[in-house]
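Inspection log for the structure reproduced underneath, given as structure tokens.
The values are calculated or read from the model by the stated rules, or taken from the named source; none is laboratory data. From a predicted model like this one, the values you see are computed outputs, not experimental measurements. FYI the Cβ positions are ideal-geometry reconstructions off the backbone, even for glycines, and counts take in every protein chain you see.
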Amino acid sequence: MKDENQKYLWWQEGVIYQIYPRSYQDSDGDGVGDLQGIIQRLDHIKSLGMTAIWISPIFSSPMADFGYDISDYCDIHPLFGTMEDFDELLQAVHDRGMKLILDLVPNHTSNEHPWFKESRSSKDNPKRDWYIWEDAKEDGSEPNNWLSVFGGSAWEWDEKTQQYYYHAFLKEQPDLNWRNPEVQEAMMNVMRFWLDKGVDGFRVDVMWHMIKDDQLRDNPTNPNYKSHQATYEKLIPAYSTDQPEVHDIVHMMRKVLDSYDERMMIGEIYLPIHKLMTYYGTDKNGAHLPFNFLLLSTDWDAGEIASNINQYEAALPEGGWPNWVLGNHDQSRISSRVGQDQARVAAMLLLTLRGTPTIYYGDEIGMRDVPIPEEEVQDPQGLNMPGLNLSRDPQRTPMQWDDSENAGFSPSKPWLPLPADYRRVNVKAQSDDHGSMLALHQRLLNLRQEEDALRIGHYKPMEAQKPLLAYMRYTSNTRFLILLNLSHKTCHFHPEHFQFEGTIEIDTLPEREGTEVKDKISLSGDEGMVIRLKHL
Ligand code: GLC
Ligand code: MG
């Protein structure tokens, strides 16, 4: 049980907002978002009540994977601006009392990175061992059966030096060899470079991939593989990911962060709950927030979600702080996964659960996945595995600001298309509408900021029949009852063993806000409510 007098840190009490920089705001008319664009929109983010902004990679890159292939960790890609623009952005974020989190991609570099160019130049180059090079098997085939997340083998043959190198993602993204102390030191220096500038933290890309089995043993086959899945799913990545030694590296990173004041790291980790928990580290010496992606994969069903929340809460290590995610640049948007009406309920869930929420840009106005014609697909994941509908372009489309040409995102044709309905679905239209998704977010974020019970209070599941999800958030003097109808049909909350009296404080149907309730409530389809309970 948490102590109410304990001091909480910004990344515990706050809300994180993720920006995909290519798509937030274009300031120079090239159809691609940039840093000056983000600066122009900081007031939107601040007025929503966000605490921190995480920006997907903005560094030098050939853009084979849209910035997740880095060729210089300590420079800004000209598409996004200059280092001066970055410094200005950091200052502007801090001036508004917010924090800035950068994306750190330590697992792999671009094949254009000078480190890799050296490494591949000859077998005896001093940087040869910075990457994972292996001889072919006797018959010339790959060293083992490992597969690339983006399709095909994870090994690429290098004609010149007659060895294979390993790449968990694109062949343009060779994996670094984290067993090499020089690699470790180089990446710690990258961290120090940004921390010295005043950056508040990192979201660490594919943290669970960072170190591989030292014997490079074959991965076992996955008996549950289905043909509509990516080929990567054919194997269970038992030896290529989540190795015990990864925790030493995470700890090493943590030590760098801890040598500064109140900096933090989030780990991108797609693993089952019990494995995920190990990334908090022993004795809290790991990631501050190993990303909790449960809501991305759980069926949208009250029973399933309730049981996942309870398992997650129960599995948290002593002092481990929870967090929740509804969407990111790799996943279909929440409004598309569960529909626009349920997305409102989902927002209420995200912002009333215990733990730090991360909101993906555009979800605050209910943006949906935008259909991209097959011949216009840009995402390598989509291009490499055609026919499986795996492109991530639909969830990366430009932010819809207003009803003007190109939605106020850019004066030019945006790099990805806008949806047909952007003139109706945009920030400006929703700003003046109390019933809008944006207004709902605003009310939820405000209440969360004002109320300890929601920010740092306890969580208690309440008994409820499907399709209702019910729980309480409370401190010693304030209690909120949260009721979420996860279906389109009406339902009723009439608990046998629990009497209550209170006022609906926030409702997805704003007309009901302020209503007094007692002992039983009927909910409309797709309705969610936050009830302030009277003290009994
Ligand atoms: C992470 C990123 C994803 C990227 C991959 C390879 O999963 O979120 O966008 O493609 O890593 O860097
Ligand atoms: Mg631009």
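Laid out as a table, the results:
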| quantity | calculated |
| --- | --- |
| Test for GLY33: is it touching a Lys or Arg at 6+ places or on another chain (Cβ under 7 Å) and within 16 Å of ligand 2 (Cβ to nearest atom) | yes |
| Single residue of GLY382, GLY387 found to be outside any loop (DSSP other than H, G, I, E, B) and surrounded by fewer than 21 Cβ atoms within 10 Å (Cβ to Cβ) | GLY382 |
| So PHE480, is it buried (at least 16 other Cβ atoms within 10 Å of the Cβ) and farther than 25 Å from GLY49 by Cβ | no |
| Spans of strands (runs of 3 or more DSSP E) in the stretch 86-182 with at least 1 residues under 17 Å from LEU216 (Cβ atoms) | 155-158, 163-166 |
| Complete set of residues in the stretch 400-417 that are buried (at least 16 other Cβ atoms within 10 Å of the Cβ) and within 16 Å of ligand 2 (Cβ to nearest atom) | TRP401, ASN406, ALA407, GLY408, PHE409, SER410, PRO414, TRP415, LEU416 |
| Residue in the stretch 61-82 that is nearest to ligand 2 (Cβ to nearest atom), counting only those that are of a type in the set (A, V, I, L, M) and over 18 Å from ASP200 (Cβ atoms) | LEU79 |
| Residue that is nearest to ASP214 (Cα to Cα), among those in the stretch 158-203 that are surrounded by fewer than 23 Cβ atoms within 10 Å (Cβ to Cβ) and among the small types (Gly, Ala, Ser) | ALA186 |
| Test: GLN331 is of a type outside the set (Ser, Thr, Tyr), part of a helix (DSSP H, G or I) and either modelled with pLDDT of 95 or more or surrounded by fewer than 20 Cβ atoms within 10 Å (Cβ to Cβ) (or both) | no |
| Selected residue (criterion: nearest to LEU326 (Cα to Cα)) from residues of the stretch 390-407 that are under 25 Å from the mean Cα position of the chain (by Cα) and not in a loop (DSSP other than H, G, I, E, B) | GLN395 |
| Selected residue [in a loop (DSSP other than H, G, I, E, B), touching a residue at least 12 places away in the same chain (Cβ under 8 Å) and not hydroxyl-bearing (Ser, Thr, Tyr)] from ASP261, ASP218 | ASP218 |
| Inter-residue pairs, beta-carbon under 9 Å, first within 17 Å of GLN395 (Cα to Cα) and in the stretch 18-38, second within 16 Å of ligand 1 (Cβ to nearest atom) and basic (Lys, Arg), 6+ apart | GLN18/ARG203; TYR20/ARG396; ARG22/ARG396; SER23/ARG396; VAL32/ARG22; GLY33/ARG22 |
| All positions within the stretch 498-536 that are polar (S, T, N, Q) and either part of a strand (DSSP E or B) or closer than 16 Å to ARG344 by Cβ (or both) | THR503, THR508, SER522, SER524 |
| Residue in the stretch 355-374 that is assigned to a helix (DSSP H, G or I), at pLDDT below 95 and surrounded by fewer than 21 Cβ atoms within 10 Å (Cβ to Cβ) present | yes |
| Leading residue by the ranking (nearest to GLN499 (Cα to Cα)) among those in the stretch 453-486 that are hydroxyl-bearing (Ser, Thr, Tyr) and in contact (Cβ under 8 Å) with a residue 60 or more places away in the chain | TYR471 |
| Single residue of TYR8, TYR73 found to be surrounded by fewer than 24 Cβ atoms within 10 Å (Cβ to Cβ), assigned to a strand (DSSP E or B), aromatic (Phe, Trp, Tyr) and in contact (Cβ under 8 Å) with a residue 24 or more places away in the chain | TYR73 |
| Any pair with Cβ under 7 angstrom, 6 or more apart, that starts in the stretch 356-375 at a residue that is over 22 Å from GLY49 (Cα atoms) and ends at one that is assigned to a loop (DSSP other than H, G, I, E, B) and of a type in the set (S, T, N, Q) | ASP369/SER332; VAL370/THR397; ILE372/SER391 |
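So that you can scan it fast, the table gives a plain yes or no per residue for (1) of a type in the set (A, V, I, L, M, F, W, C); (2) within 16 Å of ligand 1 (Cβ to nearest atom); (3) within 15 Å of GLN173 (Cβ to Cβ):
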site: LYS46; (1), (2), (3): no, no, no
site: ASP65; (1), (2), (3): no, yes, yes
site: ASP69; (1), (2), (3): no, yes, yes
site: PHE86; (1), (2), (3): yes, no, no
site: LEU100; (1), (2), (3): yes, no, no
